[in-house]
């Protein structure tokens, strides 16, 4: 495991039990894409929204090869940088095989980069669930509370990289949140999805060589940059 970020490339290959035409439709038809991925803003084609509002980046479509390849770039203004996403569609014995590749350029921070990997993993799970059941679960975009901090995954667990002022946060590695032991960022988000902004929870974290336990009210995602 990379102890600082996750390199400059993410790749995930998975199979869906539908023809390639159906898989392509789920990525390119706005009505189908909205069942599992972010929706374009109304009246535009170059911005996406999340549950917390406009996500603060523009999207440029770079390449469209029908039923074979879709490639686009997310351009981030602060910090300046970009993430290129390429999705390749192939036939498979079970239906279709899809490979999602992300590459980052510029000053995309490690915390954002790791979060984007987890976001894709969750969105792919929502896509597979939608294909199997027809239900638009959109679990990745479920309302949740926030910690008011940015963290990255390390070998020892979750390390806090940035703490936003006036929010729920800590200054070092997060060990326990709401009574649940924390080893990964995914576990942090799982806990937050069971709580609401303003809920008071107990948090344990390491500060230097000391183990600190305290209570604080959870923040709202709307209070912080997306």
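The values are calculated or read from the model by the stated rules, or taken from the named source; none is laboratory data. Remember, predicted model here, so these are calculated numbers, not experimental data. Counting neighbours? That spans all protein chains shown, and the Cβs are built from the backbone with ideal geometry, glycine included.
Output the residue which, of all residues in the range 1-44 that are part of a strand (DSSP E or B) and modelled with pLDDT of 90 or more, is surrounded by the most Cβ atoms within 10 Å (Cβ to Cβ).
Restricting attention to the range 1-44, the residues satisfying the condition of being part of a strand (DSSP E or B) are 6, 8-16, 40.
Narrowing the set further to residues that are modelled with pLDDT of 90 or more leaves 11-16.
On the way: 11: 11, 12: 13, 13: 12, 14: 15, 15: 15, 16: 22.
My answer is 16.
For the range 23-37, how many residues are closer than 17 Å to residue 65 by Cα and touching a helix residue (DSSP H, G or I) at 6+ places or on another chain (Cβ under 7 Å)?
3
When the range 194-221 is examined, which residues are found to be surrounded by fewer than 19 Cβ atoms within 10 Å (Cβ to Cβ), outside any strand (DSSP E or B) and at pLDDT 75 or above?
The initial filter retains those residues of the range 194-221 that are surrounded by fewer than 19 Cβ atoms within 10 Å (Cβ to Cβ), namely 194-200, 202, 204, 206-217, 220.
If we keep only those that are outside any strand (DSSP E or B) too, we end up with 194-199, 208-209, 220.
Result: 194, 195, 196, 197, 198, 199, 220.
Among the numbered criteria (1) within 25 Å of residue 218 (Cα to Cα); (2) modelled with pLDDT of 65 or more, which single criterion is violated by residue 142?
(2)
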